[in-house]
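All remarks here apply to the structure that follows.
Bear in mind that the values in this text are calculations on the coordinates, not laboratory data. Fair warning: this is a prediction, and the values are worked out from it, not measured in the lab. Please note: Cβ atoms are built from the backbone with ideal geometry, for glycine as well, and neighbour counts cover all protein chains shown.
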Amino acid sequence: MSTTSENKIYRVLADKLEPWANAPGLSWMVATGHRQDLQLCEGVEVVRQRAAGKGIAKNRASRYQKLSTMVHSWPEDHLIAATHPKLLCVLDGVADIRFYDYSLLVPKSTFILVPSGVANSDGIPSYVPKKNPDASCEICWMRPIGDEFHFWITHSDSKRNTTWQWGNVLFLNQRLNLFLRLLSEELLELATSEPPLVPHLLRLLIAGLRREAKSGGYLVFGQEEHPSWKFQVSADPIEQAQDYMDAHYGSAITLESLAYAVGMSRTSLAQRFKHQTGKTMVEYLTERRLAKARELLGKSEWAVATVSKLVGFRSQTYFHHLFRKHEGCTPQEYRDSYRKRQS
C-alpha cells in the first residue's frame, strides 16, 4: 500500500461515493437480463442493441467454481455473466454500459447493481457513448473475488479503457462481501420489501470501504495479478491441487475441500499428492504460506499479526511457531534483518 493510493481511493470514497449514497435523491437501479424488464431511474437512458450472439458456457465451473467468477461469455459481443453481483457507480461524465440486448447511458452519481448471471460488458470496448466520441468518463466497480472485495476505477476515452494501479485494489475485510450480498438481495426483493433498506445498506458498504481505505486494509495490484486470476486448468489433478493452493493460500483449505475442487476422493488425493510431489498437502500449503509471509514481511508495512492472517494462519501463535521452525527466527526478526540488508 502506498500513501498516494490511500489518499486517492479515500478521496473518491469520501468526496463522491459517500455523499451520493447519503443524498436524499439517491440514484440507483438494477440491470436485468433483458431490456423489457428494466425499471429506469432518473437520468438513465436505454438504447436497444442487437441481442448477444453465441455464448460460451464455462462448463468447468462444477469443479472450479471457487476459482472463477465467470459462468458464461459472449466473446464476439464482449459480454460476460458472473457468479457474483457487481456494483458500479459512474464517477464522472456519461458512461455507455452494454448488457445483453441493450445499453444504458448512465450519468455520474448513479449506482447500478449487476446481479449474478446478467450479461454485461467485459471491459474491453470503451464506455464512452458513440454519439459523443470526444468525451471521457470514469466508473467505479465493486465485486467479491474469493474472500476479498475487488474495487477498481476505469477511465475511458474514445479509444480505450484504463485502470490505474492506485485505483485497482483488493479490500481484505470479508464483511464488505456480506454487505454487497445483502444489498443485492434487498434490491432484487424490493417488490416485497417495505420500507426498502437499499439506502442504508449502500451507506454501510461505502462507510466500510472508506474505513478500510483509511486504515490501509487492502492490497494494491502491481505488475503481478491476483493469484486466483492466474489459475490455468491443467489435465493433471495434482497440478490442479497445487494451483488451487497457490491461488487460495489465504483462505481456509482442507483436504476435503481440495479433493472436491479437483474431483478426487480424499484418500486418493492425499496418496497421489505425496507420491507425485514428495510432500503432503499440509506441507505444500505451509511452504506456500510462509513464502508469501516472507514477501509481505519484507516489502509491506503490515503488522506481523496482519501478515499472519493474510497468508491464511488464523492463530498468530501457530504462525510464530512455524515461522521460527522453518526460518530460524521470529517474523519480526526476519523483517528487521531484511530491511537491514536492503538499506
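Label reach from residue 159 (point 7 Å along Cα→C-beta): in the stretch 78-101, amide nitrogens under 20 Å belong to 96.
Go ahead and run the numbers for FRET between residue 272 and residue 147, Cβ-Cβ distance against an R0 of 22 Å, rounding to 0.05.
Details: r = 28 Å, r/R0 = 1.26.
After rounding, the FRET efficiency stands at 0.20.
For residue 102, the shell of other residues with beta-carbons less than 13 Å away shows a net charge of -1, using +1 for Lys and Arg and -1 for Asp and Glu.
With R₀ fixed at 45 Å, the C-beta to C-beta distance from residue 207 to residue 333 puts the FRET efficiency at about 0.75.
Distance between the modelled labels on residue 325 and residue 32, one decimal in nanometres: 5.8 nm (7 Å Cα→Cβ projection). Residue order for 257, 184, fewest other beta carbons within 10 angstrom first, comes to 257, 184. Annotation: extensible slack from residue 341 through residue 300 equals 13.2 nm (criterion: 0.36 nm per residue apart, minus Cα-Cα distance). Using a Förster distance of 30 angstrom, determine the FRET efficiency expected from the C-beta separation of residue 48 and residue 181, and round it to 0.05. FRET efficiency, residue 48 to residue 181: 0.45.
Legend: ranking of residues 41, 329, 140 from fewest to most surrounding C-beta atoms inside 10 Å; resulting order 329, 41, 140. The residues packed around residue 314, meaning those with a beta-carbon under 14 Å from its beta-carbon, carry a net charge of +1 if Lys and Arg are +1 and Asp and Glu are -1.
Fully extending the segment from residue 134 to residue 260, taken as 0.36 nm per residue of separation minus the present Cα-Cα distance, adds 40.3 nm.
Could you give the length gained on full extension between residue 23 and residue 116, defined as 0.36 nm per residue of separation minus the Cα-Cα distance, in nm?
Working: separation 93, 0.36 × 93 = 33.48 nm, distance 2.69 nm.
Roughly 30.8 nm would be gained on extension.
What the pair-distance distribution of the chain shows, using all Cα-Cα distances binned every 10 Å from zero, is 5, 22, 30, 24, 14, 5, 0 percent. The ranking of 101, 236, 96 by Cβ neighbour count inside 10 Å, starting from the fewest, reads 236, 101, 96. The stretch 83-128 to the stretch 151-174: how many Å between their Cα centroids? Result: 14 Å between the Cα centres. Think of the stretch 248-343 as a dipole: +1 on every Lys or Arg Cβ, -1 on every Asp or Glu Cβ, centred on the Cα centre; then among 315, 264, 298, 298 lies furthest on the positive end. Over the residues of the chain, the helix contribution to mean residue ellipticity at 222 nm works out to -11500 deg cm²/dmol, using -39500 (n - 2.57) for each DSSP H run of at least 4. Along each principal axis, taking the top coordinate minus the bottom one, the Cα set of the stretch 232-342 gives 45, 26, 23 Å in descending order. Its Cα centre serving as origin, the chain has a Cβ charge dipole (Lys and Arg +1, Asp and Glu -1) of approximately 920 debye.
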